[in-house]
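Undergrad: Can you keep this structure in mind? I'll have questions shortly.
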Amino acid sequence: MLLRQFTRAPNNMNLIRRIATNAILKNQTVTTNIDYNQLVLVDVNDKNGYATVTLNRPPVNSFNLELMMALSRALDQVERNNSRGMILTSIIPNIFSTGFDIRELYQADERRLREFWSVLQDCWFKLYGSTYPTAASINGHNPAAGCFFALCCEYRAMVRNSKLGISGARLGISIPLPMIYTMRSVISTRQTELALTTGTLFTSDDALKVGLIDDIATDRSDAFAKCEAFLDRFKDIPPVSRGYTKRSVRQKDMEEIAANRQRDTDEFVRAVLNPEAQSSFAAFLGK
Ligand SMILES: CCCCCC/C=C\CC(=O)SCCNC(=O)CCNC(=O)[C@H](O)C(C)(C)COP(=O)(O)OP(=O)(O)OC[C@H]1O[C@@H](n2cnc3c(N)ncnc32)[C@H](O)[C@@H]1OP(=O)(O)O
């Protein structure tokens, strides 16, 4: 299972590369844009080879099954394209993501819920386990699941006056293992436990202090520029050995989840259908 996540498509001269190559031949610089139902946009900067993956589900980029699937497909696209790096961001001014769409969780259909979590696991394997360098340009508030995806990246720049954290505890939600492992890969076990059991939403200053983010940006373009500067640090590093090392650092977490996917899904379904969590969802939705 794990191996399949890391296997590249045999013929990866896909559309983006063909367009980019044609443009290089014509001595042009282009940014190609492939959209998947418009929910996630993938742009490739032909100059530096970095892909930008942009969440595009206004008003707040809440993750429903469709957005999760679009993200999964976008990550496939980045992998097939052999991108030199990837920046994850959002199209919405001042909001990176609100996290899960509560409407996806409230009185949820169990089959759809299982699929939702399975696609989230896929996204995690693809992003956390990616060999190319990754950065999150956090252009605004980022509570909950959006924070999780940003933490899967190797670097985070966040605009000032935003909040970030995994706040599930506030909704009576126990936090699943992929989220725990991911946060623990960024900050200490002690700080992870404290952050997750209190559902802390960190200000940009506090997030920087604890190490959840790497830089504070003045605005979205500054955050993006900081991400590009981070990716530039690998310009002269041979990508194969770099990717192998990154994967080795993260391998244990991924093996653990790969071996327990079913149990992880069962736990998620149990957590969502728990009456305490359902009451929080109902209250959130004003039911
Ligand atoms: C069950 C097991 C799971 C374990 C994993 C635990 C970890 C993560 C789970 C989650 O991701 S749960 C989601 C938790 N998210 C939040 O609690 C964030 C709540 N939202 C906000 O704080 C704010 O909306 C915002 C993101 C700071 C944006 O604020 P702003 O003032 O700009 O916009 P709003 O007016 O609040 O929202 C606009 C519009 O969107 C609706 N909405 C916001 N968030 C959600 C959501 N998560 N799901 C569904 N809908 C959402 C909000 O109600 C507004 O709707 P209208 O009133 O305009 O109809």
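Results for (1) farther than 28 Å from A229 by Cβ; (2) modelled with pLDDT of 85 or more, shown as yes or no for each residue.
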{"residue": "T21", "(1), (2)": "no, no"}
{"residue": "L25", "(1), (2)": "yes, no"}
{"residue": "V40", "(1), (2)": "no, yes"}
{"residue": "N64", "(1), (2)": "yes, yes"}
{"residue": "M68", "(1), (2)": "yes, yes"}
{"residue": "L71", "(1), (2)": "no, yes"}
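Undergrad: Also, quick follow-up: Step by step: first the residues of the range 182-217, then only those that are within 13 Å of the ligand (Cβ to nearest atom) and in a helix (DSSP H, G or I), then the one that is farthest from G129 (Cα to Cα). Which residue is that?
TA: T197
Undergrad: What number of residues within the range 153-184 are touching a strand residue (DSSP E or B) at 6+ places or on another chain (Cβ under 7 Å), at pLDDT 95 or above and of a type outside the set (V, I, T)?
TA: Within the range 153-184, residues that are touching a strand residue (DSSP E or B) at 6+ places or on another chain (Cβ under 7 Å), at pLDDT 95 or above and of a type outside the set (V, I, T) number 11.
Undergrad: Out of curiosity, is E276 touching a residue at least 40 places away in the same chain (Cβ under 8 Å), of a type outside the set (A, V, I, L, M) and more than 16 Å from the ligand (Cβ to nearest atom)?
TA: no
Undergrad: Now for a separate question. Within the range 73-92, take every residue that is basic (K, R) and over 19 Å from P238 (Cβ atoms) and give me the one that is modelled with the lowest pLDDT.
TA: So the residue we want is R80.
The values are calculated or read from the model by the stated rules, or taken from the named source; none is laboratory data. Bear in mind that the values here come from a model prediction, so they are computed numbers and not experimental data. Backbone-built Cβ (ideal geometry, glycine too); neighbour counts: all protein chains shown.
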